[in-house]
Amino acid sequence: QVQLVESGGGLVQAGGSLRLSCAASRSIDTFNDMGWYRRAPGKQRELVTTITHFGNTNYAPSVKGRFTISRDNAKNTVYLQMNSLTPEDTAVYYCFAHGFSVNYWGQGTQVTVSS
């Protein structure tokens, strides 16, 4: 079993930046994909971004150009750099890891963007 622990959430003003971290309990280079999704109050879960084993990245249209996902295999950590934040980015952000037949999720970190 793999544990994913998110950190870095908090309260920021619109236009500000925040960096989230997702620390895994073991090496992350064996996962096919890792990434982040978010859930805002009263809304469906939204896939924010993914990064593959090969380093290919994808972003939701709502965050492309503002968010950047990165990976540090030596630290078993995936990051999400969030810039130009807006109140619509307010949500609980979850880290995930996809293996061939199993998936893992973190417990989430709250991001709140004020007007």
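The values are calculated or read from the model by the stated rules, or taken from the named source; none is laboratory data. Bear in mind that the values here come from a model prediction, so they are computed numbers and not experimental data. Neighbour counts run over all protein chains shown; Cβ positions are idealised from the backbone, glycine included. Accessible surface is based on the protein model in full, side chains and every heavy atom, while ligands, DNA and RNA are left aside. Shrake-Rupley method; radii C 1.70, N 1.55, O 1.52, S 1.80 Å.
Roughly what % of Cα-Cα distances in the chain sit above 26 Å, to the whole percent? In whole percent, the long-distance tail amounts to 13. Neighbours of residue 94, meaning other residues whose beta-carbon lies under 15 angstrom from its beta-carbon, give a summed charge of 0 when Lys and Arg score +1 and Asp and Glu score -1. Taken one residue at a time, the phi angles of segment 104-113 give Karplus couplings (6.51, -1.76, 1.60, θ = phi - 60°) of 10, 9, x, 8, x, 9, 7, 10, 10, 10 Hz. Gly and Pro are set to x. Each residue was assigned an accessible area with a 1.4 Å probe, and for residue 26 the value is about 90 Å².
Count Lys and Arg as plus one, Asp and Glu as minus one, and take only other residues whose Cβ is under 15 Å from that of residue 55; the net charge is then -2. The listed residues 104, 93 rank as 104, 93 when sorted by accessible area, largest first, using a 1.4 Å probe. Computed over protein heavy atoms with a 1.4 Å probe, the accessible surface of the chain works out to 55 Å² per residue.
The listed residues 43, 64, once ranked by accessible area (1.4 Å probe) with the largest placed first, stand as 64, 43.
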